[in-house]
Every structure is written in C-alpha cells, then in structure tokens.
Amino acid sequence: MFSADSTAASPSDARKLAAAYLQTHCPHADLGAVQVVLSELVTNAARHTPDGTWTLTLRHADGILALQVQDSSCDLPQPRQGDTLDGRGGLGLGLVDKLSDHVTMTTTPTGKMITAQWKIDEAAL
C-alpha cells in the first residue's frame, strides 16, 4: 500500500511517488492511465475543497489496483454538460471514467472518497 497527503506532498510529488510504488509493487499496471487519474483526482481535490487538502491511497491486492482520493468536500463531482472545450476545464471526470475500469464516488462523514480501480491480469502478461 502507498499513501500520500497534501500536508507532505504536492500533486506532482504524489505522481512521482506513486510511479515509483507501481514500478516496484505493480509493474503490470498502466502507469500512464494511473498517473492521469491520480493527477485529475488530486488536483480537483486541491482546487475544489474549502481547505485544499487530500489523501491518496494506492492498494494492489487480488488482481485489483485501487486508487483512492479523499478530501474534505461532501460535494460529489458532476460531469460537465454542453460544450466542454470552452477553456474552463471540466474534462477530468470523463478522463477518470475512460481510463479506469471502475469508478465509485461516496460521501464520508468528513467529505468524500473517489475510488478508481483497474483489473491487473498479471498471468496474461
């Protein structure tokens, strides 16, 4: 398991640390997809929460890689409607959905948690 949070790491630091973790503990993961999803979720947490804090956890077990980001906002992200190429952003949730095998969003007593998962078939590689 790998963890990082906004008190000790920037989003850029989290991407680098997560890449090192994956190369050692889950080398069959799609590093590019994981880094984009991580970047989108951590950056959104830093940008859209009252205090900008977040906690990231990566866990690999039983053929599943799970990336969880928790933050202090109870507001679940909503997909943008209409023209998303207007320069205001809003593409992140779609990227997370497309690059992950499964995404869940839940509220917690202190905010929300977004989990992206990938099936890692190590035997097929």
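The values are calculated or read from the model by the stated rules, or taken from the named source; none is laboratory data. No experiment lies behind these values; they were computed from the predicted model shown. The area values use the complete protein model at the heavy-atom level, side chains included, leaving out ligands, DNA and RNA. Shrake-Rupley method; radii C 1.70, N 1.55, O 1.52, S 1.80 Å.
Computed values, structure above
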read-out	value
(1) 60, 35, 24; (2) 36, 35, 23; (3) 41, 33, 26, with the label sought being that of the calculated Cα extents along the principal axes in Å	(3)
Carbon/sulfur fraction of accessible area - the chain, other protein chains in place, 1.4 Å, %	52
Heavy-atom surface of region 1-70, accessible at 1.4 Å and reported per residue (Å²)	49
Degrees, to the nearest 10: 11-25 long Cα axis against longest axis of the chain	20
